[in-house]
1. Here is a list of conditions, (1) in contact with a strand residue (DSSP E or B) (Cβ under 7 Å, 6 or more places away or on another chain); (2) at pLDDT below 95, and residue 135 meets all of them except one; can you say which number that is?
2. So, in region 44-67, of the ones that are under 14 Å from residue 259 (Cβ atoms) and in contact (Cβ under 8 Å) with a residue 40 or more places away in the chain, which residue ends up surrounded by the most Cβ atoms within 10 Å (Cβ to Cβ)?
3. Does any residue of region 311-325 turn out to be out of contact with any helix residue (DSSP H, G or I) (no Cβ under 7 Å at 6 or more places or on another chain), in the same structural domain as residue 243 (by TED's automatic domain parsing) and closer than 24 Å to residue 58 by Cβ?
4. Out of (1) modelled with pLDDT of 95 or more; (2) outside the structural domain of residue 66 (by TED's automatic domain parsing); (3) under 27 Å from residue 50 (Cβ atoms), what's the single condition that is false for residue 246?
5. Can you tell me which residue within region 154-187, out of those that are farther than 16 Å from residue 256 by Cβ and not in a loop (DSSP other than H, G, I, E, B), is modelled with the lowest pLDDT?
6. Scan 136, 152, 195 and give me the residue that is assigned by TED's automatic domain parsing to the domain that holds residue 304 and either in contact (Cβ under 8 Å) with a residue 60 or more places away in the chain or in contact with a helix residue (DSSP H, G or I) (Cβ under 7 Å, 6 or more places away or on another chain) (or both).
7. Looking at region 329-340, which of the residues that are surrounded by 17 or more Cβ atoms within 10 Å (Cβ to Cβ) and touching a residue at least 60 places away in the same chain (Cβ under 8 Å) is farthest from the chain's Cα centre (by Cα)?
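The values are calculated or read from the model by the stated rules, or taken from the named source; none is laboratory data. All of these numbers come straight from a predicted model, not from anything done at the bench. Neighbour counts are summed over all protein chains in view; Cβ atoms, including those assigned to glycine, are modelled from backbone coordinates with ideal geometry.
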């Protein structure tokens with residue numbers, strides 16, 4: 001699997017390079033007319049990366065590759081009905097390509113069908129949409145991420161000498177196919193281990209608050225028996241950790257995450273969160289923008305894989321533990337050193353060798 005992903009990433013790099021060169025040549029030809037309209041629809045603001053990384057990167061790249069294109073944007077705020085309305089409004093404004101990160105993947109099939117009726121193309125972004133009207137899919141291997149999370153937590157517990165550990169599993173939204181793939185990846189590890197799944201929860205709309213409430217109940221139901229928590233993303237991890245701390249449990253049991261959110265990186269340095277899975281959301285947004293521009297121009301970039309028949313561009317994720325923060329997060333420009341080592345985390349940064357005591 002790892003070799004296959006590496007080959008895929010290498011091939012993807014070639015594709016992106018080709019896309020970039022083609023688009024740059026097109027920009028050299030002056031045009032007074034718009035080449036068309038591209039619409040980006042994101043699902044919610046609960047996951048902070050959407051507004052801080054995905055959207056600005058997509059808009060920057062699409063604007064650079066196609067200066068005469070019209071770019072539309074909407075955030076559904078976690079409402080599938082609102083996302084449907086936003087998509088219909090964008091189609092009415094002449095969108096030729098919709099890039100959709102679906103609130104509800106099943107509901108989004110209707111959006112894809114509506115786009116096809118209007119002659120528009122659909123790129124499923126981050127979350128798969130099982131529709132014949134989807135032209136391309138840009139995302140990460142969610143099953144692999146789930147395996148990485150489960151393996152990390154179980155290895156840490158084994159290193160601590162804990163046999164037959166009690167595990168809580170905090171999954172993402174039931175309407176997100178990526179959450180289902182993450183869960184499948186997690187269980188591909190758990191089901192072959194000696195771990196006991198004490199409880200499992202699908203957090204609506206990836207709500208950290210709902211996850212915190214559920215973990216609080218589980219800690220009461222299983223006093224002293226929760227050895228680890230596999231949380232599907234960093235928001236759910238943060239909610240879980242807040243619940244553990246409120247219960248006075250010290251130290252915090254190993255907790256996984258995903259997305260390399262700034263707060264999660266700081267929790268890892270502080271020892272409250274075991275790990276996260278970093279995904280280059282900038283690369284993902286960049287590729288989606290490149291694909292959207294090419295599709296708008298009537299071109300069809302070659303994908304490196306197919307998921308259920310849909311040409312797919314899949315990026316490889318990276319596990320991030322405490323010792324990986326400098327290499328992956330700082331040097332990888334996911335977060336700046338000054339942001340990671342904010343005053344409240346200065347001591348943790350010194351302890352982990354990111355800064356020295358003399359650093360102002």
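1. Exception for residue 135: condition (2).
2. Residue satisfying both the conditions and the ranking: 47.
3. No; the residues of region 311-325 include none that is out of contact with any helix residue (DSSP H, G or I) (no Cβ under 7 Å at 6 or more places or on another chain), in the same structural domain as residue 243 (by TED's automatic domain parsing) and closer than 24 Å to residue 58 by Cβ.
4. Failing condition for residue 246: (3).
5. Within region 154-187, the first condition is being farther than 16 Å from residue 256 by Cβ, and the residues that meet it are 161, 163-164, 173-177, 180.
Filter once more, so that each one left must be not in a loop (DSSP other than H, G, I, E, B): 177, 180.
Working: 177: 85, 180: 92.
Among residues in region 154-187 that are farther than 16 Å from residue 256 by Cβ and not in a loop (DSSP other than H, G, I, E, B), the one modelled with the lowest pLDDT is 177.
6. 136
7. Across region 329-340, the extreme among qualifying residues is 340.
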